[in-house]
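Have a look at the structure below, then the notes.
The values are calculated or read from the model by the stated rules, or taken from the named source; none is laboratory data. Since the model is a prediction, treat every value here as computed from it, not as a measurement. We place every Cβ from the backbone using ideal geometry, glycine too, and count neighbours over all the protein chains shown. The protein model used for the area step is the full one, side chains on, heavy atoms only, and it has no ligands, DNA or RNA in it. Shrake-Rupley method; radii C 1.70, N 1.55, O 1.52, S 1.80 Å.
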Amino acid sequence: MIVRVDGEELVTESGRTVAGLLLALGRVSWRTTRGGGRPRGVFCGIGVCHDCLVVVNGAADVRACQRLVRDGDDIRTQDGAELPA
């Protein structure tokens, strides 16, 4: 399947979470905190801590550790809190 991560088109396997894909790409951080801009990535890996939030297909605050990658997904890193337009 083909997905886009921060504008880069990639081929990946089905059944992989967004966090799994990002870790496989060598990324350990893909979000920054709202207050201090500190880097965040996977912490708990079970959807509890919300540290791994990303934007998927324009929807902010998607937990990367819980969301399976789907063909055509447009995934991008999240900078602080992103509010709906």
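Table for the structure above
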| read-out | value |
| --- | --- |
| Residue-normalised accessible area of the chain, expressed per residue, 1.4 Å probe, Å² | 59 |
| Amide proton proximity set for Leu53, modelled H, under 5 Å, gap of 5+ | Ala64 |
| Amide H contacts under 5 Å for Val5, placed H, 5+ residues apart | Leu10, Ile75 |
| Derived scalar couplings ³J(HN,Hα) [segment 44-54; Karplus, 6.51 cos²θ - 1.76 cosθ + 1.60; whole Hz; x for Gly, Pro] | 8, x, 10, x, 8, 7, 6, 7, 9, 5, 9 |
| Estimated dipole of the chain in Debye, rounded to 20 [Cβ of Lys and Arg +1, of Asp and Glu -1, Cα centre] | 320 |
| Accessible surface of the chain [probe 1.4 Å, protein heavy atoms]: carbon and sulfur percent | 50 |
| Solvent exposure, largest accessible area first (probe 1.4 Å, DNA, RNA and ligands not counted), of Leu23, Leu10, Leu83 | Leu83, Leu23, Leu10 |
| Neighbour-limited loop hits for trypsin sites (Lys or Arg not before Pro), segment 4-44 (at most 13 other Cβ within 10 Å; DSSP other than H, G, I, E, B) | Arg34 |
| For the chain, with +1 on Lys and Arg beta carbons and -1 on Asp and Glu, the positive-most of Ser14, Val62, Gly37 along the dipole | Gly37 |
| Whole-Hz ³J(HN,Hα) from phi, Karplus 6.51 cos²θ - 1.76 cosθ + 1.60, for segment 69-79, glycine and proline x | 5, 10, 4, x, 4, 10, 10, 9, 5, 10, 9 |
| Relative contact order (percent, whole number), the chain, Cα cutoff 8 Å, 6+ residue spacing | 36 |
